[in-house]
Amino acid sequence: MLLNFFPSRTLALYLGKTFLWRCFAMLAMLVLVLQMLDLLSQAGDVLAYPGNGDGELWRYVSLRVPQIVARFLPFSVLLGTLVTLATLNANSEVVAMKAGGLSAHQILAPLMLASMAVAVISFAFNERVVARATATLSAWEAADFGPIPDDRGVKSNIWVRDGEDLIRAATITGAGPTVRLHDIELYDRHGDKLVQIINAKQGRQVGDSWQLEQVRIFDVVRGSSRDAATLTIGKGIRPDQFTLSSVNADGLSFTELRGAIDALRESGRPVAALEGSLWHKISGPLATLLMPLLGSVAAFGIARSGKLFVRAVIGMALGFAFFVADNFALSMGNLGVYPPILAAWAPFLLFLLVGETVLITTEE
């Protein structure tokens, strides 16, 4: 069965190498252009923090590039597919391969195999690089591009309610008993009135309460403020109320997100939106597998008929339609309209059938 799909090793290597080179060339071009535009829009915010300079700009680039690569890799594979197949068609190489007895599926098989390898690399890259970069960049942005704790589990901009009071921590590190709060704001309310605003540099759990350090208390009624070395608040607030109050699915790996979902489910909180994101960590990279199939319409048909450009546009339209459907389904899953598995996998399966139907109907 495998030999039927790859009747010529030389031809399969030629198609696979050509396809991969053009995919990565498209990716490099997109990343370069988009990163330059993004840096132009964000450089002012990065440099606005006192003391930031070229080093912080390069740090921002190092954290932002993995996100751009992960987001636009499937689109780069689509563009690489269209360029590769359109060039093969224009040079009559597709005609030669079909004259040699290869079917449309056999011509696409090396591209599909290369796309599967790209999907595996993409998943590993997302797990090892993108998740860490996203978590770090989110915490850095929450700190207005100032210093942040050097901790992989850092979380940012967390709100917790304690009776009538509201507590906000700019950043949180650690887990369980080792949770540490940084840059804390507490809004002390009695009824509908704000009585005090308490700011603290850091806080930690002591017993069943939280001890704040380097405290500054502003009395709203009197309009005066005072400092205190420590202050105890939040009796009965559990550490997981801080660490699980806001779970950033993009900033967690597959294993970490699954653990967060289990913890939230045990505490009785809704997890449908996070389950959709969990499944999408698998279905997202597999989107590269669809691109040769959706772009295959550019490979077949007589190039001199003048319809090669139209076929390439149709292939691009099918690819864009998939991205739109994928984002729409994921949004519906986040809102609870679609079940998590359906939100993550329905667009992939739908366009897999669409691509196969178009290919079989037109070429097989």
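Here are the numbers:
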quantity	calculated
Helices (runs of 4 or more DSSP H) wholly inside the stretch 235-354 that include at least 1 residues being free of Cβ contacts under 8 Å to residues at least 12 places away in the same chain and in the same structural domain as Leu108 (by TED's automatic domain parsing)	308-334
Any hit, the stretch 123-140, residues being among the hydrophobic types (A, V, I, L, M, F, W, C) and farther than 30 Å from Tyr49 by Cβ	yes
Residue ID - farthest from the chain's Cα centre (by Cα), chosen from residues in the stretch 140-164 that are modelled with pLDDT of 80 or more and of a type in the set (A, V, I, L, M, F, W, C)	Val160
For Lys155: the one exception among (1) closer than 23 Å to Gly284 by Cα; (2) buried (at least 16 other Cβ atoms within 10 Å of the Cβ)	(1)
Exclusive hit being of a type in the set (Phe, Trp, Tyr) and closer than 23 Å to Arg132 by Cβ, set Trp279, Trp345	Trp279
Considering residues of the stretch 325-364 that are among the β-branched types (Val, Ile, Thr) and closer than 25 Å to Phe300 by Cβ only, the residue surrounded by the fewest Cβ atoms within 10 Å (Cβ to Cβ)	Thr361
The stretch 240-298, subset basic (Lys, Arg) and more than 21 Å from Ala119 (Cβ to Cβ), residue modelled with the lowest pLDDT	Arg269
Flag if Asp183 is among the charged types (D, E, K, R), within 25 Å of Ala43 (Cα to Cα) and part of a strand (DSSP E or B)	yes
Only one of Thr230, Thr178 that is modelled with pLDDT under 85, over 21 Å from the mean Cα position of the chain (by Cα) and over 30 Å from Leu286 (Cα atoms)	Thr178
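The values are calculated or read from the model by the stated rules, or taken from the named source; none is laboratory data. From a predicted model like this one, the values you see are computed outputs, not experimental measurements. Don't worry about glycine lacking a Cβ; one is built from the backbone with ideal geometry, like all the others, and counts go over all protein chains shown.
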